[in-house]
Amino acid sequence: MEIEVKPNVSIDDGKHTGIITGVEYRTTPYAYTDVVIETQGIKLKVGYPTMLMEESKLGQLLKRLNVVFVVGQKVNIDKEIIGKNVEFITMKKGKYANIIPDSVKENIEKVK
């Protein structure tokens, strides 16, 4: 199998805009919902515990993305947030840029 060698890509610390392109779910070692955000041709992930309550990290994210949810009802998170324009803040940890989870919010301006 041949794999194309690509140049190193770096994202500076600070505020960025992007588009939510996916949602992934993992259960090991804990249940987490990973939101995939694409910016500058790079895909970054930010994780939230998979527990949906008004004051949970996932619930707070949905509020910042203007998703309406009601206690006792089910929410299709993929359908509600994929395609949304967002802004967020990154901080490097070693060589990699990490999204600060509480910084992700809807961006009403068009993302380039």
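Go through segment 28-43 and report how many residues are modelled with pLDDT of 95 or more and not charged (D, E, K, R). Step through it out loud before you land on a result.
Within segment 28-43, the first condition is being modelled with pLDDT of 95 or more, and the residues that meet it are 31-38.
So of that shortlist, the ones also not charged (D, E, K, R) come out as 31-33, 35-37.
Residues meeting the conditions: 6.
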Practice task
Collect the residues in segment 75-98 that are of a type in the set (Lys, Arg) and at pLDDT 95 or above, keeping them in residue-number order.
Solution key: Lys79, Lys84
Exercise for the section: State whether the residues of segment 1-13 include one that is of a type outside the set (S, T, N, Q) and not in a loop (DSSP other than H, G, I, E, B). Expected result: no
Problem - Among (1) surrounded by fewer than 17 Cβ atoms within 10 Å (Cβ to Cβ); (2) touching a helix residue (DSSP H, G or I) at 6+ places or on another chain (Cβ under 9 Å), the one test that Leu65 misses - result: (1)
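Can you give me the ranges of the strands (runs of 3 or more DSSP E) entirely in segment 24-112 with at least 2 residues that are without any contact (Cβ under 8 Å) to a residue 60 or more places away in the chain and more than 20 Å from Ser10 (Cα to Cα)?
Numbers: elements: 32-39, 42-49, 85-93, 96-99.
Those strands (runs of 3 or more DSSP E) span 32-39, 42-49.
The values are calculated or read from the model by the stated rules, or taken from the named source; none is laboratory data. Please read these numbers as outputs of a predicted model, since none were measured by experiment. We place every Cβ from the backbone using ideal geometry, glycine too, and count neighbours over all the protein chains shown.
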